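Chemist: Before anything else, here's the structure in question.
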């Protein structure tokens, strides 16, 4: 059975990506990161989602002991209520330097160690926060790197770096998730680690836009409203 | 003053690289990794070396919870007494999957966070262990990735990934280290974490070759012999 490593944060995008990898017949190994993020809550969700889908998961724990943005430090505030049209145009305070490179390098290590042929990452660059390491060109270069960074040769296939959500809009991702059977209520997107999603950070705003444009209700947010 | 991040393991190559960066006028920030390596001893050496040179250092601690080779697991033995000519031809059991990619991604994160223009890594590919992520082509691809993975734009220079030891032989590195004032006795190369270097692992063998070909005595090994 073909093996894959899926980067799983417990959010809408990575969970949809996990379901997609499963639907393609991969035996999935979920990689979860505990990197000092404010929204530690997502780790619990990710574990639960992996378990429910019968996937093995591993958690990598590390700290970034330098100024690494609003998601990991209390000094910088998470921007709230931004204009949706402005979101992808400017790199926001929530940007964590080189985060995707760190995440992907661990995924590459695990994939190589177990002979997995693919790494899935749910990054996308349409309804996104403008992070530089979410752009298609970044991933095409990481793909090249993956081939050079690891063992290769007869009998060993190169490790593919797959971004199936690539240029999809949030609405398309929501629809895809629904089709694949994602239980949206279990996912967590909000940058704040509070009981209910704040509804105002970039991540909440983009998620809400996705559900709105897909003409669907978000069960996670309805819970917040006490509906 | 121009800033740099130097990957420092406490070995011969990374210490020489640190001295080189200092000689080029960089204000150096040393990045040290505690990744479950057998030769934890190198961490102490790295800290000492950084302190003595008046450099700030940070230690990133993480585990690789998958089979990651003889350096981090007790299940695989460290190869001893290998034929020197064979060493670079076959990827040995000490290879840690994607280690340099993990190390460099953290370095990139720190460099971006503090506005450092350069990351130094002491990798070289002449008298080396045959690890895929030490090859020049690997680094040229990581260079491209660094430009795409991080913020860029007016007023922000790209982060350079420098491998000043590149294709140098171990003898050349030893000579360079001597010239720069490296105190070789303080460095640690042996893959085993024992009191004295084993003298038989690839790292010891390559180091000994370097000193021999440079016509110099290695003070660290003389200590072992009780000289």
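Read-outs throughout are calculated quantities, based only on the coordinates presented, and are distinct from any laboratory measurement. As the structure is a computational prediction, the values presented were derived from the model and not from experiment. As a convention, Cβ positions derive from the backbone with ideal geometry for all residues, glycine included, and neighbour counts pool all protein chains shown.
Chemist: Please work out the FRET efficiency for the pair residue B:24 and residue A:137, using the Cβ-Cβ distance as r and a Förster radius of 41 Å; give the result to the nearest 0.05.
Modeler: Working: r = 31 Å, r/R0 = 0.75.
That pair, residue B:24 with residue A:137, gives E of 0.85.
Chemist: Separate question: At 222 nm, what helix-only mean residue ellipticity would chain B give, in deg cm²/dmol to the nearest 500, using -39500 (n - 2.57) for each DSSP H run of four or more?
Modeler: Values: 7 runs with 85 residues, N = 227.
Calculated mean residue ellipticity at 222 nm is -11500 deg cm²/dmol.
Chemist: Taking the Cα atoms only, what angle lies between the long axis of helix B:99-114 and the longest principal axis of chain B, rounded to 10 degrees?
Modeler: It works out to around 40 degrees.
Chemist: Continuing with the same structure: Among B:139-149, B:87-97, how do they line up by average Cβ neighbours within 10 Å per residue, starting with the highest?
Modeler: The packing order, highest mean first, is B:139-149, B:87-97.
Chemist: Every other copy gets compared here: list the nm distances from the residue B:25 label point (7 Å along Cα to Cβ) to its counterparts, shortest first, one decimal.
Modeler: For residue B:25, the inter-copy label distances come out at 6.1 nm.
Chemist: Count the DSSP beta bridges whose two residues both fall in the protein assembly as shown, then state the antiparallel fraction as a percent rounded to the nearest 5.
Modeler: Working: 4 of 38 bridges.
For the protein assembly as shown, the DSSP antiparallel bridge percentage is about 10.
Chemist: For peptide B:140-146, how many partner chain Cβ atoms fall within 10 Å of a residue's Cβ, on average?
Modeler: Per residue, the average neighbour count from other chains is 6.
Chemist: Additional query: Inter-copy label distances at residue A:193, 7 Å along the Cα→beta-carbon direction, one decimal in nm, shortest first?
Modeler: In ascending order, 3.0 nm.
Chemist: Using Cα centres only, tell me the gap between the range A:1-38 and the range A:108-153 in whole Å.
Modeler: What the calculation gives is 13 Å, centre to centre.
Chemist: By the gyration tensor of its Cα atoms, with a ≥ b ≥ c the square roots of the eigenvalues, what is the shape of the protein assembly as shown: rounded for a/c under 1.5, prolate for a/b over b/c, or oblate?
Modeler: Prolate.
Chemist: Taking the label point 7 Å from Cα in the Cβ direction, how far apart in nm is residue A:158 from each other copy of itself, listed shortest first?
Modeler: Those separations, rounded to one decimal, come out as 2.1 nm.
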